[in-house]
Amino acid sequence: MATIASSETDQAAQKAGGGRGFGVPLRFVSYLQAAPLFLILGFFFLLPIAMIGVVSFWDYDFAGLYPAFLTTNYTDTLGSWVTWKTYLNTLKFTAIVWALTLVIGFWVAYFLAFHIRRTSTQMILFLVCTVPFMTSNIIRMISWIPVLGRNGLVNSTLIQMGLIPKPIEWLLYSDFAVVLAMVHLYTLFMVTPIFNTLMRIDRSLFEAARDAGASGWQVLWNVVIPLAKPGMAIGTIFVVTLVMADFSTVQVMSGGQSASIALMMKNQMSLLQYPAAAANAVVLLILVLLMVSAILRIVDIRKEL
C-alpha cells in the first residue's frame with residue numbers, strides 16, 4: 001500500500017510540475033535527442049546545398065568569383081539548346097538504365113527469394129552478387145574496355161567464329177557502352193531493396209492464390225509485383241539519382257562522344273566556372289527531387305524504411 005501511495009504521489013507531483021523531469025520540460029527532450037542528427041545533417045548536407053544555391057547567383061570571370069545576385073547563370077543554362085540537349089541525353093540514359101536494372105534486378109531478386117529454399121544459400125548467392133562491388137567503380141568500368149574494344153574479347157570471338165567479317169565499332173566508345181557499364185555498376189542497387197521486399201511477403205498468399213485457381217503468371221502479376229512495388233520504388237530512387245550524377249562513366253565509356261549534365265558541370269568546374277556549374281547543380285537537384293517526389297506519390301515506401 002505504501003508503494004502504491006508513493007507512486008501516485010510521484011505522478012501527481014510530476015503533473016503539478018507541468019510535466020517536468022529533472023527540471024527540463026518533457027516536450028524539449030525529443031528536440032534534445034534529435035539535435036545531434038540535425039546538426040550533422042545541417043552542417044554536412046543542408047549547408048553545402050545552401051552554399052551552392054548562393055554561389056549560383058554570383059558573377060565570375062577568368063580571374064575569380066564576385067559575390068552578387070545575378071540570374072545570368074540560370075538564363076544561360078536554361079536558354080541554351082546545348083544544355084537542353086544534354087539534359088535530354090541524361091534523361092535518356094536514366095530511362096534506359098532504370099528499365100534494364102529493374103528487369104534484371106527483379107528477376108535476380110525473385111530467383112533468390114523464391115527459388116532458393118535454404119536461407120544460408122540465399123545469403124551466399126547474395127554475397128556472390130556483391131563481390132564485384134568490393135572493387136572500385138572505375139576499375140569495374142574500365143574492365144569493359146578490353147572486352148568491348150576493337151581487338152577485344154567479343155570482337156575476336158565473333159571473328160574467329162565467322163559471325164562477322166570485321167570488328168563491330170559501336171561496342172565501345174558509344175551510348176551502348178555507357179548504358180552497359182551503368183547497368184553493370186548499378187544493378188545491385190535495384191536487387192537489394194527488391195530482394196528485401198520479396199523476403200517479407202507472406203508465402204501463404206501464394207497458396208491462397210493457387211487454391212483460387214490462379215496460374216503462376218497470375219500469382220506473379222497480381223500478388224508478387226504489387227507487393228514488390230515498395231522495393232522497386234526504393235531501387236528506382238537509388239538508380240535514378242546515381243545515373244543522373246554519374247559523369248565518369250559517360251566520359252570514359254563514350255570516349256568523349258556523349259555528354260551528361262554531371263559531365264557538363266565537371267567541365268565547367270575544370271574551367272573555374274563555378275557559378276555556372278552551381279546553377280546547373282541547382283537545376284539538376286530540382287529535377288531529381290521532382291522525380292523522387294513523383295515516385296513517392298505513386299508508391300508508399302514507408303513500410304520499407
>> Looking only at helices (runs of 4 or more DSSP H) that lie completely in the range 78-169, which have at least 1 residues being within 30 Å of TRP217 (Cβ to Cβ) and within 27 Å of the chain's Cα centre (by Cα)?
In response: 81-110, 119-130
>> Suppose the filter is closer than 28 Å to SER136 by Cβ, modelled with pLDDT under 90 and among the hydrophobic types (A, V, I, L, M, F, W, C); does ALA259 pass it?
In response: yes
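Determine whether PHE69 is in a loop (DSSP other than H, G, I, E, B), farther than 30 Å from LEU220 by Cβ and without any contact (Cβ under 8 Å) to a residue 60 or more places away in the chain.
Answer is yes for this residue.
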> Just one of MET134, MET123 is among the aliphatic types (A, V, I, L, M), modelled with pLDDT under 90 and farther than 30 Å from ARG203 by Cα; which is it?
Replying inline: MET134
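Residue-wise test of (1) at pLDDT 90 or above; (2) not small (Gly, Ala, Ser).
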| residue | (1), (2) |
| --- | --- |
| LEU220 | no, yes |
| SER270 | no, no |
| LEU290 | yes, yes |
| LEU296 | no, yes |
| VAL299 | no, yes |
> Restricting the range 283-305 to residues that are of a type in the set (Val, Ile, Thr) and within 13 Å of MET244 (Cα to Cα), which is surrounded by the fewest Cβ atoms within 10 Å (Cβ to Cβ)?
Replying inline: ILE286
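Please verify whether VAL252 is surrounded by fewer than 19 Cβ atoms within 10 Å (Cβ to Cβ), of a type in the set (Val, Ile, Thr), touching a residue at least 12 places away in the same chain (Cβ under 8 Å) and closer than 25 Å to VAL179 by Cα, treating the condition exactly as stated.
So VAL252 fits the description; yes.
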>> What's the total number of residues in the range 32-71 that are of a type outside the set (A, V, I, L, M, F, W, C), exposed (fewer than 11 other Cβ atoms within 10 Å of the Cβ) and in contact with a strand residue (DSSP E or B) (Cβ under 9 Å, 6 or more places away or on another chain)?
In response: 1
> Given the range 186-305, what helices (runs of 4 or more DSSP H) lie entirely inside it while holding 3 or more residues that are among the small types (Gly, Ala, Ser)?
Replying inline: 204-211, 225-244, 274-298
> Looking at (1) out of contact with any Leu (no Cβ under 7 Å at 6 or more places or on another chain); (2) surrounded by 13 or more Cβ atoms within 10 Å (Cβ to Cβ); (3) over 21 Å from THR187 (Cβ atoms); (4) free of Cβ contacts under 8 Å to residues at least 60 places away in the same chain, which is the one condition that is false for TYR74?
Replying inline: (4)
> Can you name the condition, by its number, that LYS266 falls short on among (1) in contact (Cβ under 8 Å) with a residue 40 or more places away in the chain; (2) surrounded by fewer than 19 Cβ atoms within 10 Å (Cβ to Cβ)?
Replying inline: (1)
> in contact (Cβ under 8 Å) with a residue 40 or more places away in the chain, assigned to a helix (DSSP H, G or I), farther than 30 Å from ARG117 by Cβ and touching a Phe, Trp or Tyr at 6+ places or on another chain (Cβ under 8 Å): does that describe ALA177?
Replying inline: yes
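The values are calculated or read from the model by the stated rules, or taken from the named source; none is laboratory data. Please read all numbers here as calculations on a predicted model, not as lab measurements. A quick note on method: Cβ atoms are made from the backbone with ideal geometry, for glycine too, and the neighbour counts reach across all protein chains shown.
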